[in-house]
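Structure, as structure tokens:
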Amino acid sequence: MRTDIFARLDREPEPPKIETPRMSRHRIALFGGTLAFYLAIVVAVLVSSWLVALDWKVMLFRPYQQWPGLHAFLDYYVVLGQRGPTAVMVASWLGWRSWRQHTLRPLLTLGTSLLLLNVTVGAVKLGLGRLGPHYATEIGSAELFAGGDIFPSGHTANAVVTWGILAYLATTPRARRYLSAVSAFVSLGVGLTTVYIGTHWLSDVVLGWAAGLLILLALPWFEPLITRTEVWILSVREQWRARRRARGSVPAAPVAPEPVLLPQALCGGVAAEGVQEAASTGQAPETGSIAGHPGTAGRARAHAAHPVRSERTPLTPAGSRRPPHADRSPRSSAGPSRPVAGGPVAP
């Protein structure tokens, strides 16, 4: 057994028994208090209360002009609240966790939280339509229902959810405390950075913190759905693997040999030889197996309808092959013989 620090990077032999968070009374009380705070912020902005006046004071203070030296660093720091980069970083870590612990719960939990974030925060953004500080048209106005989409702050809410999910999925109380402190620090810094740059009002950031916290507190209600989804995905994977094993165990069908194409003259000669051999033995020719060619059988039957010329040397018939002439009398063996020497023949 490995005892060094790299042993913690090995894959566990079986899924660990991790207790799933439940919706306890303490969590329900926190959820209710956060929801009330969320609604109070929305109402305060709708009625243009003191919170809107504070937004304008902070905006006119222009923090990016008061401390210009921080601008270069905070331009990079605010990326920790952007949806794309943070989702890739956290998904990579949770993907490794899923592989190591033989479970899809970390990735499914992250996907569920991001889906809830897009639906809830996106709906409020589009519904209220608030303009940002750089596009404000009237001093002291809440700038609502003007076609904007910055209330609540998406950067802030995304930072709370993305980094807070690491604390939510922690396996030990100590790790949960440390990760909770880290996620709170990052999300607080991202929210204040957007105020410093001037892309959000202060009330946008406060509502973004509340929106992200509500999603983290509500996640235990979705744990049964996450569990059923994981079971379904794993069952589909096992069925797919079983079908692959079944296809791999079936023997391959034998491949029939392809016919060999022979020249027509050679096929005719082979067919004639087969027919002649069958005629000499008195058996029917096996035309289906001549030369292994499907067209040979037909040609063999065609050759069988004609007289077959024997391959033996034909016997020469006796006598002359010349045709008889009318002015000549047939030769007779008893007639006078032609003299050996030349000269007139006696009558």
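Quick note: the coordinates plus some simple rules give every number you see, no bench work behind them. Please read these numbers as outputs of a predicted model, since none were measured by experiment. Here the Cβ is made from the backbone with ideal geometry for all residues, glycine too, and neighbour counts use every protein chain on show.
What to note about this one:
- Given R0 = 35 Å, the distance between the Cβ atoms of residue 77 and residue 240 translates into a calculated FRET efficiency of 0.20.
- Summed side-chain charge close to residue 244 - residues other than residue 244 whose Cβ falls under 12 Å, Lys, Arg +1, Asp, Glu -1: +4
- Segment 96-247: relative contact order in percent, alpha carbon pairs under 8 Å with at least 6 residues between: 26 percent
- Computed label-point distance, nm, for sites residue 62 and residue 43 using a 7 Å Cα→Cβ extension: 3.7 nm
- Spacing of the modelled spin labels on residue 92 and residue 18, each 7 Å from Cα toward Cβ, amounts to 2.0 nm.
- Remark: the Cα gyration tensor places segment 31-70 in the oblate category, a/c being 1.5 or greater and a/b not exceeding b/c.
- Under the criterion of Cα pairs below 8 Å and six or more residues apart, the relative contact order for segment 1-159 equals 25 percent.
- Protection proxy ranking for 222-228, 236-242, using the average of other Cβ atoms within 10 Å per residue and placing the highest first: 222-228, 236-242.
- Overall shape: oblate for segment 16-131, with the ratio a/c of the largest to smallest alpha carbon gyration tensor axis at 1.5 or above and b/c at least equal to a/b.
- Among 80-87, 106-113, the peptide with the highest mean count of other Cβ atoms within 10 Å heads the list, and the full ranking is 106-113, 80-87.
- Computed lengthening from residue 178 to residue 233, 0.36 nm per intervening residue step minus Cα-Cα distance: 16.6 nm
- If you sort the three axes of the alpha carbon gyration tensor as a ≥ b ≥ c, you get a/c of 1.5 or more for segment 65-108 and a/b above b/c, which makes it prolate.
- Net length available on complete extension from residue 35 to residue 199 is 56.5 nm, with 0.36 nm assigned per residue and the Cα-Cα distance removed.
- Whole-number D in µm²/s for segment 78-223 (Stokes-Einstein; Kirkwood sum over Cα pairs; 37 °C, 0.692 mPa s): 208 µm²/s
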